[in-house]
1. Tell me which residues, restricted to segment 29-82, are among the acidic types (Asp, Glu), farther than 18 Å from THR11 by Cβ and either touching a strand residue (DSSP E or B) at 6+ places or on another chain (Cβ under 9 Å) or not in a helix (DSSP H, G or I) (or both).
2. I'd like the full set of residues that are surrounded by fewer than 14 Cβ atoms within 10 Å (Cβ to Cβ) and more than 15 Å from LEU45 (Cα to Cα), limited to segment 99-133.
3. Which of the residues belonging to segment 37-82 are over 17 Å from VAL27 (Cα atoms) and of a type in the set (Asp, Glu)?
4. When you look at ILE42, is it farther than 20 Å from GLY123 by Cα, under 12 Å from the mean Cα position of the chain (by Cα) and in contact (Cβ under 8 Å) with a residue 40 or more places away in the chain, yes or no?
5. Looking only at segment 83-114, count every residue that is of a type in the set (D, E, K, R) and either assigned to a loop (DSSP other than H, G, I, E, B) or within 13 Å of the chain's Cα centre (by Cα) (or both) and tell me the total.
6. Please count how many residues of segment 37-72 are among the charged types (D, E, K, R) and either surrounded by 18 or more Cβ atoms within 10 Å (Cβ to Cβ) or touching a Gly at 6+ places or on another chain (Cβ under 6 Å) (or both).
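Readers should treat all values here as calculations from the given coordinates under stated rules, not as data from a laboratory. Here the structure is a predicted model, which is why all the values come from computation and not from measurement. We place every Cβ from the backbone using ideal geometry, glycine too, and count neighbours over all the protein chains shown.
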Amino acid sequence: MGSVFLPHLHTGWHVDQAILSEDDRLVVVRFGRDYDRDCMIIDELLYGVAEKVKNFAVIYLCDIEEVPDFNEMYELYDPCTVMFFYRNKHMLCDFGTGNNNKMNFLIKDKQELIDILEVIYRGASKGKGLVVSPKDYSSQRKP
């Protein structure tokens, strides 16, 4: 149900504008398929934290079938991928998984997601391009 309330980006131009137009907040984009189970879970979580993080983060959804423009460039091969941008710069986060470019695993706790967004925002606002996640996800299994 979260995907109904969060703003969708329907073209590559909309994705670019969302990333380019935000100067002070972290831009969070969930790439995936709206009907995918993992995306539904993440969308619910993103919707649940959207109001709490609105001062420092803005959240968008992008269906990779409707907008395939970034699939190859961002290597969007997973069912659900969350990426972070700040002032038109792709933010990297070390989750301990070996992939610092994106979050491609499920998180089920709202506070955990808020903590991740805060760490990325704080690092980004200090000029860092790579931050370390508050939790190590290297041993987490996919459900």
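1. Step one: of segment 29-82, the residues among the acidic types (Asp, Glu) are 34, 36, 38, 43-44, 51, 63, 65-66, 69, 72, 75, 78.
Cutting the leftovers down to farther than 18 Å from THR11 by Cβ gives us 36, 38, 43-44, 51, 75, 78.
Result: ASP36, ASP38, ASP43, GLU51, GLU75, ASP78.
2. Taking segment 99-133 first, the residues surrounded by fewer than 14 Cβ atoms within 10 Å (Cβ to Cβ) are 108-109, 111, 122, 126-127, 129-130.
Of everything in segment 99-133, those that are surrounded by fewer than 14 Cβ atoms within 10 Å (Cβ to Cβ) and more than 15 Å from LEU45 (Cα to Cα) turn out to be ARG122, LYS126, GLY127, GLY129, LEU130.
3. Restricting attention to segment 37-82, the residues satisfying the condition of being over 17 Å from VAL27 (Cα atoms) are 37-41, 44, 64-69, 71-73, 75-79.
Within segment 37-82, ASP38, GLU44, GLU65, GLU66, ASP69, GLU72, GLU75, ASP78 qualify.
4. Values: farther than 20 Å from GLY123 by Cα: yes; under 12 Å from the mean Cα position of the chain (by Cα): yes; in contact (Cβ under 8 Å) with a residue 40 or more places away in the chain: yes.
Considered against the rule, which asks whether it is farther than 20 Å from GLY123 by Cα, under 12 Å from the mean Cα position of the chain (by Cα) and in contact (Cβ under 8 Å) with a residue 40 or more places away in the chain, ILE42 comes out as yes.
5. We begin by selecting, within segment 83-114, every residue of a type in the set (D, E, K, R); these are 87, 89, 94, 102, 108-110, 112.
Checking the rest, the ones that are also either assigned to a loop (DSSP other than H, G, I, E, B) or within 13 Å of the chain's Cα centre (by Cα) (or both) come to 87, 102, 108-109.
Final tally of qualifying residues: 4.
6. So the first thing to find is which residues in segment 37-72 are among the charged types (D, E, K, R), and the list is 37-38, 43-44, 51-52, 54, 63, 65-66, 69, 72.
Next cut, either surrounded by 18 or more Cβ atoms within 10 Å (Cβ to Cβ) or touching a Gly at 6+ places or on another chain (Cβ under 6 Å) (or both) only: 38, 43-44, 63, 69.
Selection size over segment 37-72: 5.
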